[in-house]
Amino acid sequence: MEKNNTIRSSGSVLIKNGKIVATNSPFNNKIVNILINKGKIVSIGNKKEKADHEIDASNCIVTTGLFDLRCRQGEPGNEQNENLESLSKAASAGGFTGISTLPDFSYIVQSAAQIEYQIKKTSKNLVNIYPQGALTLNCEGKELAEIYEMYSYGAVGFSNGDNPVNYGTLQRAMLYIKNFNGIIFSHAQDQSLSKNGEVNESENTVALGLKIFPEIAEYTQINSQIEIAKYTDSKIHFSHISSAKSVELIKKAKKENVKVTCDVSILHLIYTDDSLSTFDSNLKIMPPLRSEKDRLALLKGINDGTIDCIVSDHYPHCPENKIVEFSYSPFGAITIQILFSLYIEFLSDKISFDTFVKITSENPRNILNIKMPVIKENSDANIVVFDISKNWEFNKKSNLSLSSNSHLINKTLKGKCIFAANNNNYTQF
């Protein structure tokens, strides 16, 4: 049975014999005991302190809380798929203490009040919510939304979600956000080329009889938007890139000092379009899974620093919407709770843990200009503990999301968050 007990914040917690992996910590790569009390790290060392609760972190990794740049929740309007509380629970169980929500799920987040609602409702939670506001009114890509007003109330960036923006509007937006050092998140897709496509264009998909979303629909947009970023000298972040050509273009732009960053979803690093032969709608994601060549290019981009972050791209859907014929199923899968497990099981021999922590904790916060937590004495306790060898079943009971659209439901996974602390909240799993 999965354990999910919240430890009262009034009590102290001792993390015993955990190996710290955090490059900004003076205790990096050391096995220590960490005493937490009233939301603060009281002491770090080899002395066994007395505490109300103890966490055995032997053979575990202790690091700063992870941060996800791309996830969705449905409150208000689609609470049956995911609400702020359930998203926070699933995120904390995945080792995340910070998440950035997209503006285009059940309703369009395009006002200061909507930004303020998400922040205030979750301000005392273990997981901090950092909302992105709509870039354009109703995410239609034409008229700019009230960007500065949303920024003033806490919006950390601006996005049209999975909707396109015309180049003129994007240029105006990029000039406008320079006034406050803002950032635009771009889903790069030329819809005249993707034509409502569902799968990659390849030998693996030609026999499936499904509509094609070729990679050219992504990288042509990236190329054009890089030129606009260069012209305006403003910041752009490309979300969930999926093709080798996209990596190549972004790498070149970085060498030219264009203010560009990017991320890739965890599923694009693991699976290819070959996985779609069973028509599993839980692997229908946006952009679609690409070829093995693309997957390897994405992995290389992670390791050479071209790709800044891995994201969950958590996209919950209720069963009646998702368990239908592939063509009628919406894009998306739930991933935030299992991202670390996916890394351990499929990627830990390809991406070092130091790199993993950098691209899932440090880089996302740097991109949003959020203060990076530090594991040192007298600092706020923003800490997670991962048991890298723990086997657990991802099932109806252990899944903390309100949705279950994952191809790994009822599967045994390896690697799990067993403890998380932030905002004077402590949770043991």
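A short reminder: the numbers here are calculations on the coordinates, not readings from a lab. Keep in mind that what you see is a predicted model, and the values were worked out from it rather than measured. Cβ: placed from backbone, ideal geometry, glycine included. Neighbour counts: every protein chain shown.
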Inset, instruction - In debye, nearest 20, what is the charge dipole magnitude of region 149-232 about its Cα centre with +1 on Lys and Arg Cβ and -1 on Asp and Glu Cβ, if you could check? - result: 360
Inset, instruction - Please compute the Cα-Cα pair-distance distribution of region 264-365 with 5 Å bins starting at 0, giving whole percents from short to long. - result: 2, 13, 22, 24, 19, 11, 7, 3, 0
Legend entry - Extreme residue, positive dipole direction of the chain, given options THR355, ALA188, SER242 (C-beta unit charges): THR355
Legend entry - Stokes-Einstein D (µm²/s) once Rh is taken as the Kirkwood radius of the chain over alpha-carbon pairs, at 25 °C in 0.890 mPa s: 113
Inset, instruction - Working from Cα positions, state the angle (0 to 90°, nearest 10) between the long axis of helix 244-255 and the longest principal axis of the chain. - result: 70
Inset, instruction - With +1 on each Lys and Arg Cβ and -1 on each Asp and Glu Cβ, and nothing else charged, work out how big the dipole of the chain is about its Cα centre, in Debye to the nearest 20. - result: 1460
Inset, instruction - Determine, for each peptide in 332-342, 244-254, the mean count of other beta carbons within 10 angstrom over its residues, then list the peptides with the highest first. - result: 332-342, 244-254
Legend entry - Stokes-Einstein diffusion coefficient of region 184-248, Kirkwood radius over Cα pairs, 20 °C, 1.002 mPa s, in µm²/s: 170
Inset, instruction - Rounded to whole Å and sorted largest first, list the principal axis extents of the Cα atoms in region 1-160. - result: 60, 34, 25
Inset, instruction - State the percent of C-alpha pairs, over all pairs in region 180-291, separated by a distance greater than 16 angstrom. - result: 58
Inset, instruction - Would you mind putting 94-105, 206-217, 264-275 in packing order, based on average other-beta-carbon counts within 10 Å, highest first? - result: 94-105, 264-275, 206-217
Legend entry - Kirkwood-based shape ratio for region 331-425, expressed as Rg/Rh from alpha carbons: 0.99
Inset, instruction - Would you mind ranking PHE353, PHE67, PHE429 by Cβ crowding within 10 Å, fewest neighbours first? - result: PHE353, PHE429, PHE67
Inset, instruction - Check the straight Cα-Cα distances from LYS390 and name the lysines below 22 Å, setting aside those fewer than 8 residues away within the same chain. - result: LYS3, LYS16, LYS19, LYS30, LYS89, LYS350, LYS411, LYS414, LYS416
